[in-house]
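The values are calculated or read from the model by the stated rules, or taken from the named source; none is laboratory data. For clarity, every value in this text was computed on a predicted model and none was experimentally measured. Neighbour counts run over all protein chains shown; Cβ positions are idealised from the backbone, glycine included.
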Amino acid sequence: MKKIFLLFFILILTLTFGCWSRMELEDLAIVQGVGVDKNEQGKEKDRYLFSVQVVNPPAVSGKSGGGEQSYVVRIISGELFFTSLREMNMETPLRLYYAHNRVILISEDVAKEGVKDLLDFFERNPQFRRDNYLLIVKGKAVEVWDGFPGIVKVPAIALYDLAQKSFLTAEAGIMELGEFIKLMEEEGVDSYAPGVKLLQKQKRKNIRVFQSALFKKDKLVGWLNEEQSRGLLIITNKVKGGITEITNPVKKEQKLSVELEKSTANWQLKVVNGQPQIKILVETDGIITEAPDGLDFSKKETFTELDREYAKAVRHDILMFLQKTRELGVDPAGFGRFIYRENPKLWQELKDDWAEEYKNLAIQVSIKARILRNGMTTMSIKPR
Amino acid sequence: MGLWQKLSVKIKASKKKTEGQKKDEKPSRLSPYQEKLFSGQVSKDIEEIKKILGSPSDLVVREFNYYGIPAAAVMIDGLVDKVTVVEGILKPLMLEARIAKALPENPYKSLRDEMLAISEIKETNNFSEFLLAVLSGEVGLILEKNTTALLASAKGWAARSVSEPMNEVVVRGPQEGFTETLRVNTALIRRRIRSPHLRFESLKIGRTSQTDVVIAYLEDIADAKIVEEVRTRLSRIDIDAVLESGYLEEFIEDDPFNIFPQVKHTERPDKAVADMLEGKVVILTDGTPMALVVPTTFTEFFQAAEDYYEKYFLSNFLRAIRLISFFLAMFLPSLYIAIITFHQEMIPTELLLNIWASRSGVPFPAFVEALLMEIAFEALREAGVRLPRPVGQAVSIVGALIIGQAAVEAGIVSTSMVIVVAITGIASFAIPAFNMAIAARIYRFIIMLLAASFGMFGLMIGFIFLVIMLCNTRSFGVPYLAPLAPFSLSAQKDTAARVPWWLMIKRPKHYRPQEERRVKEGLMPGFPEGEKRG
């Protein structure tokens, strides 16, 4: 009798108490991108305009007859992220599901006012992944959601892919959500995030991921351009490719393009008279990808000259980066953190006024650049 | 687990009680005639026989005169070989005896020693033994004034000849299978082993059926304790009839509440012999081509006869596939349910979108959908197995069309679920042992229920339960997960992997073979030293 009771107990346990967090897949609206804009007409209570991009799976997976739009953009205004998204649920028959979210867009205007209150939601909610890409929109996030024509059916996925392959040019400081928050919270380093912009090219819409937005604490203070962004990536060892234009050593007015193959940066800290000195040694290899004219690759001297030019170009990027960040007094490369790790005592002296100290920090950059190969041909095309 | 164990302990206890009461006495339907002896009067004895057997239409009683003495041959029509009876028994006794000179001094002795041209002869004086022999196909001879009857073996009945095994097909390897006749089966084994240590121990089980059962083993290899255990477990059985070895299996297995098979069966003599060579015991039952093999372990159910005949590369690859298939057959539907209803974040986005699209419009939750499909599939399989072959094909066509296409088109099930069920089905076919596949198929439903209630957590609970259960199982005292848990490195040579023959130097230890070595060391083929390849 006791055993039968136990059996019933187990049965009841599985059949009634189970399933509490069950969600049928087709009841979910799969959100691929979340965006925040400033609500210009709104008052304090709804000062943000939240937008989500939800996929229409049948259209994406090719199950529907075609002609159906592959995504839906929902907009709602409000102050708190989650409250607004839950309210949005009241306007969507399906339950919004964020575990497959890929990109988070924050408009420049919002970023200037600070993002820490907004990001709290992403940290707290279990559905958001820390590897979502965080992008700062130059313009309006809502517009970006409709920015992609053609091939990739969902703009949010396209944005994600764009961010993923941005290493090809190394012009944008790509940033994941988790890393962004980590950089924001750490001492002696400021966070950054790539920019994204809707471009109109001959009446065609296009989205571009480029540049890097610089943050001081949680507020956007300025932008690095493409070269400066590359400088940042090179000295922080995040560069995996990218094109650099160098001057043709023979014809000064002409440019050659070099693709970065490999790059490593080493930092060294020296303290001279109680003042920190940082030495950055960058070793980089490149490949000639375009050399229109005038070079003889069969000679060793050509390569020596090219090495010099390449080093010059890389140094230029890094110096431009240092100049810009010093102007703004932000330290996205984390020199402060480096000092903290190497010499914590020294850091205690510097940390209170690090922004000012950084402006005068002695940073020495030395480049060891090599051109490895010249591509499939040694000669340029010579019509006769 | 606890519940089952307690239950089984209780039942075992009740068994012991009955065992204690009637030990050693297992009367057959013939035992009432144990005391009944032959009278010495042919006509009286024949009458008695007819009375006992109820003069059935297949009872043949041939009365004749032997040197003028009344005699009779008693046999069952259909169980004896007519030619042997005529040439070996009736002809010499009736014709040649007349040509011979005079009445011998002792007619009975001359009958037994001089006249009968039959190789196998027995004597008896009671009806019980006489009738059992006659009912098994022997010819009974009674002579006037003699209280001892002669039993001449002239067995011969319509039987299936040795043919290809139906369920254990190999591409390479012997194509002989056991038959329903016990004698043929023992011969098939004997043909493969010419060892004086091969033992066939015979016993009769079944009050009504008196079925012959043979325990076959190699005395110099098999552990005597295991053989003794088999003997005791078999002799414990008291049932009215044994029609198939499955009857015995349920009486001799260690844990009757375990879904996993603890006794292996095979219809391949080569497989049975290979098992005997590892120290296992084979139980042959008359009337079935299925031989039982004990003890057995979990990994054995993933080994096919062909593994040892084909090159070991292929065997290793196939074993890996079979193991994967086993896990797929058991866990795939539950994994799918758990992920679809609880852990949507675990699937790659593209796949998620695909499944979303295929599931939209499906009226049932994933669990119900899976249950529907699995049951439909099982029904289809069952129908295909039981139906006559020409109709079976029609069933598979209907099944493929209805389940594969119409159900999806009608929006009752999703394509992704069809794929999951199909993979599960194929995977369960890839397990070579049918009884292991059944275990996987049934246990799958339990895990499905767990997965539908608790998601991945439930699935893991199911898996852990399974492992604990398997660890607890024993087959004739040998741990079920034997070379894996308890772990034995040397026995790993023939589990998930199969090393080449020249490396399988010792027999698996967990069967406790008396003689461990089976291959001489250092037999790896290679070029002679000093010479170069090419």
If you go through the stretch A:1-14 one residue at a time, how many are within 7 Å of another protein chain (Cβ to nearest Cβ) and either modelled with pLDDT under 80 or part of a loop (DSSP other than H, G, I, E, B) (or both)?
2
Counted residues, the stretch B:444-501 - those being more than 20 Å from B:Phe326 (Cα to Cα) and touching a Gly at 6+ places or on another chain (Cβ under 6 Å)
2
Can you find a residue that is of a type in the set (Ser, Thr, Tyr) and more than 17 Å from A:Leu269 (Cα to Cα) anywhere in the stretch A:310-317?
yes
Looking at (1) on the phi > 0 side of the Ramachandran plot; (2) touching a Pro at 6+ places or on another chain (Cβ under 7 Å), which one does B:Leu188 not meet, given that it meets all the others?
(1)
Can you tell me which residues in the stretch A:61-113 are out of contact with any strand residue (DSSP E or B) (no Cβ under 8 Å at 6 or more places or on another chain), away from every other protein chain (no Cβ under 14 Å) and either touching a residue at least 24 places away in the same chain (Cβ under 8 Å) or surrounded by 15 or more Cβ atoms within 10 Å (Cβ to Cβ) (or both)?
A:Leu80, A:Phe82
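The rows are residues; the columns are (1) under 41 Å from the mean Cα position of the chain (by Cα); (2) among the hydroxyl-bearing types (Ser, Thr, Tyr); (3) more than 14 Å from chain A (Cβ to nearest Cβ).
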{"site": "B:Met330", "(1), (2), (3)": "yes, no, yes"}
{"site": "B:Ile339", "(1), (2), (3)": "yes, no, no"}
{"site": "B:Trp356", "(1), (2), (3)": "no, no, no"}
{"site": "B:Arg359", "(1), (2), (3)": "no, no, no"}
{"site": "B:Gly384", "(1), (2), (3)": "yes, no, yes"}
{"site": "B:Pro388", "(1), (2), (3)": "yes, no, yes"}
{"site": "B:Ile397", "(1), (2), (3)": "yes, no, yes"}
{"site": "B:Gly404", "(1), (2), (3)": "yes, no, yes"}
Here the residues within the stretch B:494-534 that are buried (at least 17 other Cβ atoms within 10 Å of the Cβ) and without any contact (Cβ under 8 Å) to a residue 40 or more places away in the chain are B:Met504, B:Ile505
Number of the condition not met by B:Met456 [criteria: (1) under 28 Å from B:Glu249 (Cβ atoms); (2) in contact with a His (Cβ under 7 Å, 6 or more places away or on another chain); (3) in contact (Cβ under 8 Å) with a residue 24 or more places away in the chain]:
(1)
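Of all residues in the stretch A:181-223, which are of a type in the set (S, T, N, Q) and not in a strand (DSSP E or B)? Walk me through it before giving the result.
Of the stretch A:181-223, the ones of a type in the set (S, T, N, Q) are A:191, A:200, A:202, A:206, A:211-212.
Correct list: A:Ser191, A:Gln202.
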Restricting to the stretch A:228-256, what's the tally of residues that are polar (S, T, N, Q) and at pLDDT below 90?
4
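Is it the case that B:Ala357 is surrounded by 21 or more Cβ atoms within 10 Å (Cβ to Cβ), at pLDDT 90 or above and closer than 30 Å to A:Pro93 by Cα? Talk me through it step by step, then tell me what you get.
Working: surrounded by 21 or more Cβ atoms within 10 Å (Cβ to Cβ): yes; at pLDDT 90 or above: no; closer than 30 Å to A:Pro93 by Cα: yes.
For B:Ala357, the condition - surrounded by 21 or more Cβ atoms within 10 Å (Cβ to Cβ), at pLDDT 90 or above and closer than 30 Å to A:Pro93 by Cα - is not met.
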Within the stretch B:451-464, residues being within 12 Å of another protein chain (Cβ to nearest Cβ) and either surrounded by fewer than 18 Cβ atoms within 10 Å (Cβ to Cβ) or under 33 Å from the mean Cα position of the chain (by Cα) (or both) number 4
Residue under evaluation A:Asp27, criteria (1) surrounded by fewer than 17 Cβ atoms within 10 Å (Cβ to Cβ); (2) more than 8 Å from chain B (Cβ to nearest Cβ); (3) at pLDDT below 85, criterion not met
(3)
Any chance the stretch B:358-375 includes a residue that's closer than 30 Å to B:Glu300 by Cα and without any contact (Cβ under 8 Å) to a residue 40 or more places away in the chain?
yes
Taking the stretch A:327-358 as the region of interest, how many residues are surrounded by 13 or more Cβ atoms within 10 Å (Cβ to Cβ) and closer than 24 Å to A:Trp223 by Cα?
16
Mind telling me which of the residues B:Leu352, B:Leu371 ends up being buried (at least 18 other Cβ atoms within 10 Å of the Cβ), at the interface with chain A (Cβ under 7 Å from one of its Cβ atoms) and among the aliphatic types (A, V, I, L, M)?
B:Leu352
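Where in the stretch A:224-302 are the strands (runs of 3 or more DSSP E), entirely inside, with at least 2 residues that are without any contact (Cβ under 8 Å) to a residue 40 or more places away in the chain and polar (S, T, N, Q)?
Qualifying strands (runs of 3 or more DSSP E): A:255-272.
Residues are listed down the side, and each one gets a yes or a no for (1) under 24 Å from the mean Cα position of the chain (by Cα); (2) of a type in the set (A, V, I, L, M):
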residue: A:Ile318; (1), (2): yes, yes
residue: A:Glu327; (1), (2): yes, no
residue: A:Gly334; (1), (2): yes, no
residue: A:Pro344; (1), (2): no, no
residue: A:Glu349; (1), (2): no, no
residue: A:Asp353; (1), (2): no, no
residue: A:Ala369; (1), (2): no, yes
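Conditions tested, residue by residue: (1) in contact (Cβ under 8 Å) with a residue 24 or more places away in the chain; (2) within 24 Å of A:Tyr48 (Cα to Cα).
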position	(1), (2)
A:Pro126	no, yes
A:Val142	yes, yes
A:Val154	yes, yes
A:Leu162	yes, no
A:Glu171	yes, no
A:Ser191	yes, yes
Note: among B:Thr349, B:Thr288, B:Thr299, just one is of a type outside the set (A, V, I, L, M, F, W, C) and modelled with pLDDT under 90, namely B:Thr349
Test: residue in the stretch B:306-326 that is crowded, with 22+ Cβ neighbours inside 10 Å, within 14 Å of another protein chain (Cβ to nearest Cβ) and either assigned to a helix (DSSP H, G or I) or out of contact with any helix residue (DSSP H, G or I) (no Cβ under 9 Å at 6 or more places or on another chain) (or both):
no
Just a yes or no: is a residue in the stretch A:165-172 under 13 Å from the mean Cα position of the chain (by Cα), assigned to a helix (DSSP H, G or I) and at negative phi?
yes
